[in-house]
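Here's the structure we're looking at; comments come further down.
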Amino acid sequence: MGDQDLAPALLEDQGYQLTGKHSAVKVCYWTAKALTEGRHCYKGRFYGIESHRCMQMSPSIDACNLHCRFCWRYQGWEHEETLEEFDEPATVLSRSLEAQRRLLSGFGGNDRVDPERFRESQVPRHVAISLTGEPTLYPKLNEFLALCHERGITTFLVTNGTNPDALRQLDPLPTQLYCSVTAPNREVFQRLTLPAQEDAWDRLTESLRLLRDLKTRRVIRHTLVKGWNLGWEEEYARLDRLANPDFIEPKGYVYMGRSRQRLTRDHVPTHEEVGSFAHRLAGLLGYPLVDEAPDSKVYLLARDPSRRWLPGREPASLPDRVRTVEGDPLPMLTPALVVPGSPG
Ligand code: SF4
């Protein structure tokens, strides 16, 4: 392998468990938090994911066609178009589940972990296909998704959007499909994501047009880096309209991993700065701004707030309403726009 960070010992030091030629699992920070403190990640708050039953994995640990400055991985990608040699999906899934169980086994003897919660964690109900790399470069992604769904495991797939052919061929569709839109225009995109292909921006906009007709829960994520791509709300709104997504997540860049060699702490926006962006975007698109998670500097815009929960995952009590951001118009605060049944 070309990537020094893919040396198994080094990866294992970083908490990864390699599960074959091109896949890896890593226990999410929030999976550990859910086990020890009962706190869930923002996708728990927004959509009903149970973080202690979530497996974070990638089928493309060393394959991506972008080199985003904010990415926390080392980027000596071995593959930029597709994986030439790959494992069967059944192998990837069974090894990933085994690895997750092994990585979590230590929590079994922890006094702070409820035994029932620990038992549940041994049987994941959700896969976050988003750890690192571009998952659509794995040629057997469809079969992998199908196997997860057969086992009753929901799937959140995060793509950088530059592989529209893979999106066209997705079958089955993931439970929730994320497309990252990390630049308001071609020029910022080129500078921030350093794509391997010259037509990457065109591919992204093609994906956005495809997304609007896909019959699954579709999310646009804007990862916002201060001084690089934060602002330009009108241009982002034009891109979002191409996809007509169910949800939009404006999210602040997190200063971690290898991104610290490309960016500085000054590039991390505050939660309030992300909030100003989210409020303006919500106003431009007419999407209600329904929730926020300050721990992760992320906001949720939902075209139809009543559809935010995954089927059967509605919480017993709804989260508090999103906070106000001083000085900004608050499109979500008119009664018609507030999540039905939510406080306030
Ligand atoms: S959905 Fe993402 S953040 Fe939440 S527990 Fe899973 S991997 Fe972690």
Among (1) touching a strand residue (DSSP E or B) at 6+ places or on another chain (Cβ under 7 Å); (2) within 16 Å of the ligand (Cβ to nearest atom); (3) assigned to a loop (DSSP other than H, G, I, E, B), where does L83 come up short?
(2)
Some residue of segment 64-84 being surrounded by fewer than 18 Cβ atoms within 10 Å (Cβ to Cβ) and free of Cβ contacts under 8 Å to residues at least 12 places away in the same chain
yes
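Restricting attention to segment 33-43, and to residues there that are assigned to a helix (DSSP H, G or I) and buried (at least 22 other Cβ atoms within 10 Å of the Cβ), which single residue is farthest from the ligand (Cβ to nearest atom)?
Looking only at segment 33-43, we keep the residues that are assigned to a helix (DSSP H, G or I), and these are 33-37, 42-43.
Those still in the list that are buried (at least 22 other Cβ atoms within 10 Å of the Cβ) too: 34-35, 42-43.
Details: A34: 7, L35: 11, Y42: 7, K43: 4 Å.
Top of the filtered list is L35.
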Condition met for A237 (over 21 Å from K43 (Cα atoms) and not in a helix (DSSP H, G or I))
no
Quickly run through segment 112-126 and pick out the residues that are within 16 Å of the ligand (Cβ to nearest atom) and either outside any loop (DSSP other than H, G, I, E, B) or out of contact with any Asp or Glu (no Cβ under 8 Å at 6 or more places or on another chain) (or both).
V113, R117, F118, E120, S121, Q122, V123, P124, H126
If you scan segment 257-301, which residues turn out to be outside any helix (DSSP H, G or I), over 16 Å from the mean Cα position of the chain (by Cα) and on the phi < 0 side of the Ramachandran plot?
R262, L263, T264, V268, P269, T270, Y287, P288, L289, V290, D291
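Determine, yes or no, whether Y74 is among the hydroxyl-bearing types (S, T, Y), more than 16 Å from the ligand (Cβ to nearest atom), in contact with a Lys or Arg (Cβ under 9 Å, 6 or more places away or on another chain) and on the phi < 0 side of the Ramachandran plot. Outline the logic, then answer.
On the way: among the hydroxyl-bearing types (S, T, Y): yes; more than 16 Å from the ligand (Cβ to nearest atom): yes; in contact with a Lys or Arg (Cβ under 9 Å, 6 or more places away or on another chain): yes; on the phi < 0 side of the Ramachandran plot: yes.
Yes.
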Any residue that is among the basic types (K, R), part of a helix (DSSP H, G or I) and under 28 Å from G48 (Cα atoms) - is there at least one of those in segment 167-189?
yes
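Any idea which residue in segment 11-27 is nearest to the ligand (Cβ to nearest atom), counting only those that are closer than 18 Å to S105 by Cβ and surrounded by fewer than 20 Cβ atoms within 10 Å (Cβ to Cβ)? Don't jump to the end; show me each part of the working.
Taking segment 11-27 and keeping what is closer than 18 Å to S105 by Cβ, we get 12, 15-19, 24-27.
The next check asks that each one be surrounded by fewer than 20 Cβ atoms within 10 Å (Cβ to Cβ); those that pass are 12, 15, 18.
Values: E12: 19, G15: 13, L18: 18 Å.
Checking each candidate, the answer is G15.
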The correct count of residues that are touching a residue at least 60 places away in the same chain (Cβ under 8 Å), within 15 Å of the ligand (Cβ to nearest atom) and either in a helix (DSSP H, G or I) or buried (at least 23 other Cβ atoms within 10 Å of the Cβ) (or both) in segment 127-153 is 6
When you scan segment 245-252, do you find a residue that is assigned to a loop (DSSP other than H, G, I, E, B), at pLDDT 95 or above and farther than 30 Å from E206 by Cα, even just one?
no
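The values are calculated or read from the model by the stated rules, or taken from the named source; none is laboratory data. What you see is a predicted model, and the numbers here were worked out from it, not measured in a lab. Glycine gets a Cβ as well: all are built from the backbone with ideal geometry, and neighbour counts include every protein chain shown.
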